[in-house]
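Contents: one structure, followed by commentary.
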Amino acid sequence: MRNITLVLILFALVSCAHAPNRSELDAIGKELIAMKDVDQEARRRWLKDQTNKALDDEVEAIDARNTARLLEIIKRVGGWPGKSMVGEKASGAAWTLAQHAEGSVLRELLPVMERAVKHQELDGALYATSFDRVRILDGKKQLYGSQFDTKGDKCEPMPVEDPEHLDERRIAIGLGPIADYAKQLCDVYKGSKKP
């Protein structure tokens, strides 16, 4: 997976002369939204029955299929499918698909997403969530408090670096206060249990 970034850079250089036209970008945007819809529908069913092995397998298969296609799209457009290319909703859908990819893929996509944030093609709050996920996967503390432990009866943030300034970092990147986020997330995963 380390070659993903190199492949993306090389493809971007080669594909400049063959950039997708507006019609193709519109089709890609619609496809990304449809892929996210399938992803979310399966995850809604999984949230209601988290011990169902068949649902686990279905979600895993959807993730693998969506990841492969997302990487093809990123190669085709020469970078992140940003707001100006595919629209805000489709760019957000691409982020959702990336978030559900394997950690190694998400790690390789972080620089692509970071460039998109710098060019206002992706919301900083979305990037922050991916950044935190990769930090946790790498055994580090997260910066933005977006990753929670929801195993068993738990619903609490995973370890956070410099927790005293957490809300400041969250607000600067476009996230709301951690208390609001915790309530929303825990309501989804645990009903009305408090973190």
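The values are calculated or read from the model by the stated rules, or taken from the named source; none is laboratory data. From a predicted model like this one, the values you see are computed outputs, not experimental measurements. In this analysis, Cβ positions are derived from the backbone assuming ideal geometry, glycine residues included, and neighbour counts consider all displayed protein chains. Areas reflect the complete protein model, heavy atoms only, side chains present, ligands, DNA and RNA absent. Shrake-Rupley method; radii C 1.70, N 1.55, O 1.52, S 1.80 Å.
Given the pairs Lys30/Lys183; Lys48/Lys190; Lys36/Lys75; Lys89/Lys154; Lys154/Lys183; Lys89/Lys190, which span a C-alpha to C-alpha distance of over 22 angstrom in this model? Pairs exceeding the cut-off: Lys30/Lys183; Lys89/Lys154; Lys89/Lys190. Between the exposed loop cleavage positions of the chain, defined as GluC sites (Glu not before Pro) in a non-H, G, I, E, B DSSP state with at most 15 neighbouring beta-carbon atoms within 10 angstrom, the longest gap is 1-101. When the Cα positions of Val77, Ala54, Asn21 are compared along the charge dipole of the chain, Asn21 comes out farthest toward the positive end, with charges on each C-beta of Lys, Arg, Asp and Glu. In the elastic network of the chain, a GNM with C-alpha springs shorter than 10 Å, the most mobile of Lys118, Lys83, Lys141 is Lys118. With the whole protein complex present, Val77 retains an accessible surface near 20 Å², based on a 1.4 Å probe.
Full extension of the chain segment joining Arg65 with Arg115 gains 15.5 nm, where the gain is 0.36 nm per residue of separation less the Cα-Cα distance.
Note down the net charge around His18, summing +1 for each Lys or Arg and -1 for each Asp or Glu among other residues with Cβ under 14 Å from its Cβ. With Lys, Arg at +1 and Asp, Glu at -1, the net is +1. In angstrom, the C-alpha Rg and Dmax of the stretch 47-164 are 15.3, 43. The dipole here belongs to the chain: it is taken about the Cα centre, uses +1 on the Cβ of Lys and Arg and -1 on the Cβ of Asp and Glu, and is about 100 debye. Structural descriptor for the stretch 49-194: relative contact order 14 percent, calculated from alpha carbon pairs under 8 angstrom and at least 6 residues apart. Probing with 1.4 Å while keeping every protein chain in the model, the per residue accessible area of the chain equals 56 Å². For the stretch 112-195, chymotrypsin sites (Phe, Trp or Tyr not before Pro) are listed when DSSP marks them as loop and at most 12 other Cβ atoms sit within 10 Å of their Cβ; the list is empty. Between the amide H of Asp149 and those of Glu156, Met158, distances stay under 5 Å, these residues lying 5 or more places away or on another chain, with hydrogens modeled in the peptide plane. Explain nothing, just compute: Karplus ³J(HN,Hα) = 6.51 cos²θ - 1.76 cosθ + 1.60, θ = phi - 60°, for every residue of the stretch 174-182 in order, whole Hz, x for Gly and Pro. 3J(HN,Hα) across the stretch 174-182, in whole Hz: x, 9, x, x, 4, 4, 5, 4, 4. Counting every alpha-carbon pair across the stretch 130-195, the share separated by more than 18 Å comes to 35%.
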